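> Structure provided below as C-alpha cells; questions to follow.
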Amino acid sequence: MNLPSDIKIRFFSSIVLLSVVLFSLIKGGIYFTFFLIIASLFMIFEWMRLISKSFWIIRGLITSLGLTTILILDTISSLSIITFFLSFLFLTIFSRLTINKYKMSSFGFIYISLSVLTINWLREVDQGLLMLIIILSTIFISDIAAYIFGNIFGGPKLFSSVSPNKTLSGFISAFILGTLWFVFFTLNFSNSFNFNNIFVGFGIVLLSILGDLFISFLKRKANIKDTGFFIPGHGGFLDRADSILPIFFLMPIYAIFMNAIENPSIIFLG
C-alpha cells in the first residue's frame, strides 16, 4: 500500500521528534536543558507571531533571552526570579508602548515560561523522569484514542467553530483510555490503588484537550493553519506542545495544594 507523501513526511518527522525528546529526557542534565531551551525559543517566537505580527521578533527576543537565562542558571535563586520579573516588565512595557497585544504577550511569556520551568524542575526531583513519562504518555494515549476512535465512530462534531475535526466519540475515547492508562501505569509503580489517581488522570486529559482548543482558537483568530513550519507535517513546536503546556503550567499550584511541592511524586505514586 502506497501512503500519501504528506503521511510519510508526518510519520518520519514524528519518529525523529520522538527520538530527540526521549533521548534528551532520559539523559537529563545539559542534554535536557539544551532541548528545553531550543523548544522554548521556538514556542515563544511562534506565540508572539501568533497573537500579533507586529514587532513579534523583538517581543520574542525579550522573552526568550529571559527564559534562556533562567534555564541556564538551572536553580531557583534571587537572580533567576529577578530575571523573570525584569523580562516580564520589559516585555509588557514594550508591548504597551507599541500598542501591541501587551496582555496576550505578557500572558504568553508567563504561560510558556512557567510550563517549561516546571518540566525542568520535575526532571530534577526524585522520580521526576518517571512522572514526566507518565504524564506525556497519558497525553499521547488520549490523543491517539481520540484520533482513532473519532475516525472510526464519528458522531457529532464538538467545538466546530474552533477545531472542526473533534467528535463526541473521540472526546469520550480520549477521557476513558487516557484516564485508564494513567491509573494502570501509576498502579504499576505504587504500593496500592489510590482513588485520587482517577481524578488526576482525568484532569490531565481534560487540560490537554483544553490546551489544544486554546491554541486552535488563537490560530483561528489569527487566520493561520500552523503556528510554525519547523516540524515537517506537524507545523511548529507550539502545535505539538499545545496539549502539554496547561498541565505543567498548573501543576505547581496543585502540588502546593496537595502539600507536595518538595516531593511531587506523591501526587502520582502515593
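The values are calculated or read from the model by the stated rules, or taken from the named source; none is laboratory data. These figures come from a predicted structure and were not determined experimentally. All Cβ positions, even for glycine, are placed from backbone atoms using ideal geometry, and neighbour counts span all protein chains on display.
> Does the stretch 234-249 include one or more residues that are assigned to a loop (DSSP other than H, G, I, E, B), over 15 Å from residue 119 (Cβ atoms) and modelled with pLDDT under 85?
yes
> Checking the structure you have, find out if any residue of the stretch 182-195 is aromatic (Phe, Trp, Tyr), within 19 Å of the chain's Cα centre (by Cα) and on the phi < 0 side of the Ramachandran plot. Spell out the reasoning first.
First, the residues of the stretch 182-195 that are aromatic (Phe, Trp, Tyr): 182, 184-185, 189, 193, 195.
Going one step further and asking which of them are within 19 Å of the chain's Cα centre (by Cα), we end up with 182.
Still in the running and on the phi < 0 side of the Ramachandran plot: 182.
Checked the stretch 182-195: at least one residue is aromatic (Phe, Trp, Tyr), within 19 Å of the chain's Cα centre (by Cα) and on the phi < 0 side of the Ramachandran plot.
> Restricting attention to the stretch 193-212, which residues are in contact with a Ser or Thr (Cβ under 6 Å, 6 or more places away or on another chain) and either more than 17 Å from residue 248 (Cβ to Cβ) or surrounded by fewer than 18 Cβ atoms within 10 Å (Cβ to Cβ) (or both)?
Residues satisfying the conditions are 197, 202.
> Still on this structure: Restricting attention to the stretch 76-85, does a residue exist that is small (Gly, Ala, Ser), surrounded by 15 or more Cβ atoms within 10 Å (Cβ to Cβ) and out of contact with any Gly (no Cβ under 9 Å at 6 or more places or on another chain)?
Yes: the stretch 76-85 contains one or more residues that are small (Gly, Ala, Ser), surrounded by 15 or more Cβ atoms within 10 Å (Cβ to Cβ) and out of contact with any Gly (no Cβ under 9 Å at 6 or more places or on another chain).
> How do the pairs read when you match residues in the stretch 255-267 that are without any contact (Cβ under 8 Å) to a residue 12 or more places away in the chain with residues anywhere that are surrounded by 13 or more Cβ atoms within 10 Å (Cβ to Cβ) and hydroxyl-bearing (Ser, Thr, Tyr), using Cβ under 9 Å and keeping only pairs 6 or more apart or on different chains?
260/254
> Taking the stretch 137-169, which residues are surrounded by fewer than 17 Cβ atoms within 10 Å (Cβ to Cβ) and over 19 Å from residue 240 (Cα atoms)?
Residues satisfying the conditions are 151, 152, 153, 154, 155, 156, 157, 159, 160, 161, 168.
> Let me ask something additional. Residues that are over 19 Å from the mean Cα position of the chain (by Cα) and not in a helix (DSSP H, G or I): does the stretch 18-30 have at least one?
no
> Looking for something charged (D, E, K, R) and outside any helix (DSSP H, G or I) - is there at least one such residue anywhere in the stretch 132-153?
So far as the stretch 132-153 goes, no, none of its residues is charged (D, E, K, R) and outside any helix (DSSP H, G or I).
> Let me ask something additional. Give the stretch 215-229 a look and list any residue that's buried (at least 17 other Cβ atoms within 10 Å of the Cβ) and either over 14 Å from residue 48 (Cα atoms) or at pLDDT 85 or above (or both), or say none.
215, 216, 218, 219
> Here are some residues: 94, 90, 42, 107. Which one is surrounded by 19 or more Cβ atoms within 10 Å (Cβ to Cβ) and either closer than 30 Å to residue 137 by Cβ or more than 22 Å from the chain's Cα centre (by Cα) (or both)?
Exactly one of 94, 90, 42, 107 is surrounded by 19 or more Cβ atoms within 10 Å (Cβ to Cβ) and either closer than 30 Å to residue 137 by Cβ or more than 22 Å from the chain's Cα centre (by Cα) (or both), namely 42.
Residues are listed down the side, and each one gets a yes or a no for (1) over 21 Å from the mean Cα position of the chain (by Cα); (2) hydrophobic (A, V, I, L, M, F, W, C):
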residue: 135; (1), (2): no, yes
residue: 161; (1), (2): yes, no
residue: 197; (1), (2): no, no
residue: 201; (1), (2): no, no
residue: 210; (1), (2): no, yes
